[in-house]
Amino acid sequence: IGRYDIIVLRLHSSISIDGELFLFTGELYNEFDYLGLRVLGVVGIGDLREEGKKFFALSARFWVDRIGDRLANSIIVLMGCDGSRDSVFIDKLVEKGVLAYIAWNGPVTIEHSDTAILLFLRKLLYENIDVCSAVVETMGEVGADPYYGGKLECFTRG
C-alpha cells in the first residue's frame, strides 16, 4: 500500500473474545495454513455463521503495525462490523498519523453499510463537509442499522 488520501475497507470484521478487531480475508479457513501466525495470534478464524463459512482473519493491530507508516494523513473507513470497539487498534492508527478513522460500533448489514458509506463519501468529497460532520450528517439521514443497531462513528487525532 502506498500513501492514500482515503482507504475504504469493504470487508467483514469482528471482535475477538479478548476485544481485538480482526479483518476477514477472502481465503477460506483450513487447519493447515498459517500455523505460525495463528499461534502468535496474528491470524484467526473469521466465522460467518449465517453463511456457514469460515475465513482466515487478520489482526487489525498487526495490520496497522506492518503498514502503519504508510497510513499517515489518510482517512480510513472500515465498512465491517465492530470496527470502533478495539480502542488499542484505534490508538495505533492515531499514533501512525491517520487523520480520521470511520467505523461501526457494532454489527451492521452490508446493505446499510453500503448506503451509509456512499452517503458519507458524497458529503465528504462532493459537499466538502469535514470528516466527522459528514459522519454526523450521514447518521442523521440513514440512522442506525435497522436490523442490528450499529452506528457509524468518527475518530480523529486530538
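Extent of the stretch 1-72 along its three principal axes (Cα atoms, max minus min coordinate, largest first): 36, 27, 22 Å.
Does a label point 7 Å from the Cα of residue 25, set along Cα-to-beta-carbon, have any residues of the stretch 42-72 with amide nitrogen under 12 Å, and which are they? Those under the cut-off are 42-46, 55-59. Each of residue 35 and residue 122 was given a label point 7 Å from its Cα along the Cα-to-Cβ line. The distance between the two points is 5.2 nm.
Applying the criteria of a DSSP loop state and at most 14 other Cβ atoms within 10 Å to the chymotrypsin sites (Phe, Trp or Tyr not before Pro) of the stretch 70-142 yields 126.
Find the accessible area per residue for the chain; the probe is 1.4 Å, ligands and nucleic acids are left out, and the unit is Å². Could the numbers behind the result be given before it?
Values: 8610 Å² over 158 residues.
Averaged over the residues of the chain, the accessible area is 55 Å².
Length gained on full extension, residue 132 to residue 16, computed as 0.36 nm times the residue gap minus the Cα-Cα distance: 39.1 nm. Counting other C-beta atoms within 10 Å, and keeping those with at most 13, which DSSP coil trypsin sites (Lys or Arg not before Pro) do you find in the stretch 12-102? Passing sites in the stretch 12-102 are 49. Here's the list of lysines a cross-link from residue 96 could span, going by alpha-carbon distance under 26 Å and ignoring same-chain residues fewer than 8 apart: 123, 151.
On the beta carbon distance between residue 141 and residue 9, with R0 = 22 Å, the FRET formula returns roughly 0.50. Measuring only protein heavy atoms, the 1.4 Å probe finds residue 12 accessible over about 90 Å².
The values are calculated or read from the model by the stated rules, or taken from the named source; none is laboratory data. Just so you know, these numbers come straight off a predicted model, no measurement behind them. Please note: Cβ atoms are built from the backbone with ideal geometry, for glycine as well, and neighbour counts cover all protein chains shown. What goes into the accessible areas is simple: the full protein's heavy atoms, side chains included, and nothing from ligands, DNA or RNA. Shrake-Rupley method; radii C 1.70, N 1.55, O 1.52, S 1.80 Å.
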